[in-house]
Structures are given as structure tokens and as C-alpha cells.
Amino acid sequence: MLWSIEDGRNVRCWRDPWIPNVEPLVDLIPEHSNLDLNCSLGYMVLDDGTWNLDLFRIWLPEMIICKIIGTHQFGIYLNTDGSDRLEDGFATTGGIVHDHSGQRILGYNRFLGSCSVFEAELWGILDGLSFLIDQGYKEVQIRTNSIEMASAIHEITLDGQTTALIRRICQLLSQI
């Protein structure tokens, strides 16, 4: 299982911990006086969708470059940027599952009632993972535009009902 952060517009390349098991990249750079520490991750992707590795190589060791290369390319994608809070305070969620060529496998949605957008995002992941496991998929890349949600699942740091959602997602992730 891999995480993806959509087009990277909401993720700061140097300040946010977007590479699994790697601290924020700013902590790895000896000098960053001429570096825009708030540039989005999307800025580091070329028009053809590949990483601009030449820019990364200016500041980062090759070991980190290898980890960056490992965060791209996968077979089945779960996109969960579908949570919404309706005017009456109720939330919905949904997602799309597609293959490496962009061919849609399925779309799903659910009315959740009263909950936060953050919880709706978690429900979207839970529903998508449940479907994929039921269908026998063993590898999936989860794509989201919420680094906070991905971090919470990775670190399991929240309390209450949200923690129960995260624990269930982690249980499902251990099956793939």
C-alpha cells in the first residue's frame, strides 16, 4: 500500500513529511537560504507527470531521491477526494477506484449524516479499502489531498470515534 497526495498543490514540498518514513525534507538540507520552503509539491512534477529529479538532486542525497522515485507508479488507485459538508450540516463521502491506465473500476458514495469533513475523508478511505479487499486486490495506492488525514492514519494519534475509524483502516491496510 502506498499513499499519494493527488497533484501536490496542498502539500509543501520541503516542510511537510510527504515521503513515508522520512522527516520533512527541509531538515535534510544543509543550506536553504535560496530555497522557497513553501513551494508546493506539484511544482516538483514535470508536465509528463514524472518527478523533476534534477531539482531534487541539487539539495538531497541520492538515498532520498530513491525514496521519492518509489512514491510514484502503482497499479490500482483509490482516490478519495470526495467528502462534502452539505448546507444542513450533514456530510457525504465517496471515491473512485481506477487502474494504472486511468480506466475506472468503480465509483462509490455514501451519505454519512452529521460528521466533520475529516471524518468523512476517513469514511471514504474505509469504504474504498473494504471494496478492494472484498474484490481480492492486494496492492493499492491511496490518493488524497489531505496530508493531515494521511498523517493521522500513519501515526494513529487521534482520540474518540475518529481513532476507531483509523484503527479499522489500519486493520484493512494490514490485509493488503
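In region 97-118, which residues have a backbone nitrogen under 12 Å from the label point lying 7 Å from Phe90's Cα in the Cα-to-Cβ direction?
Label zone hits: 110-115.
Can you tell me how much longer the chain between Gln171 and His154 gets when fully stretched, taken as 0.36 nm per residue apart minus their C-alpha distance, in nm with one decimal? Intermediate results must be reported in sequence, preceding the final value.
Details: separation 17, 0.36 × 17 = 6.12 nm, distance 1.21 nm.
Roughly 4.9 nm would be gained on extension.
Give the residue list of trypsin sites (Lys or Arg not before Pro) in region 87-153 that are DSSP loop and have at most 16 other beta-carbon atoms within 10 angstrom.
On the way: sites: Arg104, Arg110, Lys138, Arg143; in loops: Lys138.
Taking region 87-153 and a limit of 16 other Cβ atoms within 10 Å, the loop trypsin sites (Lys or Arg not before Pro) found are Lys138.
In terms of modelled amide H atoms, which long-range or inter-chain residues lie less than 5 Å from the amide H of Leu112?
Ala91, Thr92, Thr93
Using amide H atoms built in the peptide plane, which far-off residues or other-chain residues are under 5 Å from Ile76 H to H?
When sequence neighbours closer than 5 places are left aside, the close amide H contacts are Gln141.
Report the label-to-label distance for Tyr137 and Leu106 in nanometres (one decimal), using points 7 Å from each Cα along the Cα→Cβ vector.
0.9
With θ set to phi - 60°, apply the Karplus curve 6.51 cos²θ - 1.76 cosθ + 1.60 along region 12-24 and write out the HN-Hα couplings as whole Hz, x wherever there is a Gly or Pro.
My calculation for region 12-24 gives 7, 3, 8, 9, 8, x, 9, 9, x, 6, 10, 5, x Hz in order.
Just subtract the alpha-carbon distance of Asp54 and Leu35 from 0.36 nm times their residue separation and send over the number in nm, one decimal. Could you put the intermediate results ahead of the total?
Working: separation 19, 0.36 × 19 = 6.84 nm, distance 1.45 nm.
Between Asp54 and Leu35, full extension yields an extra 5.4 nm.
Provide the per-residue ³J(HN,Hα) series for region 135-143, in order, calculated from phi with Karplus coefficients 6.51, -1.76, 1.60 and θ = phi - 60°, each as a whole number of Hz, with x at glycine and proline positions.
Listing the rounded values in order: 8, x, 6, 10, 9, 8, 10, 8, 10 Hz.
Under the Karplus relation 6.51 cos²θ - 1.76 cosθ + 1.60, θ = phi - 60°, what is the ordered set of whole-Hz ³J(HN,Hα) values for region 36-53, x standing for Gly and Pro?
Running phi through 6.51 cos²θ - 1.76 cosθ + 1.60 with θ = phi - 60° gives 7, 5, 9, 5, 6, 4, x, 5, 8, 10, 6, 4, 7, x, 9, 5, 7, 5 Hz.
Under the 0.36 nm per residue contour assumption, what length would be gained going from the current alpha-carbon distance of Ala164 and Asp99 to full extension?
Working: separation 65, 0.36 × 65 = 23.40 nm, distance 2.93 nm.
Answer, rounded to one decimal: 20.5 nm.
Rule-based calculations on the coordinates, nothing more; no lab input. Please read all numbers here as calculations on a predicted model, not as lab measurements. A quick note on method: Cβ atoms are made from the backbone with ideal geometry, for glycine too, and the neighbour counts reach across all protein chains shown.
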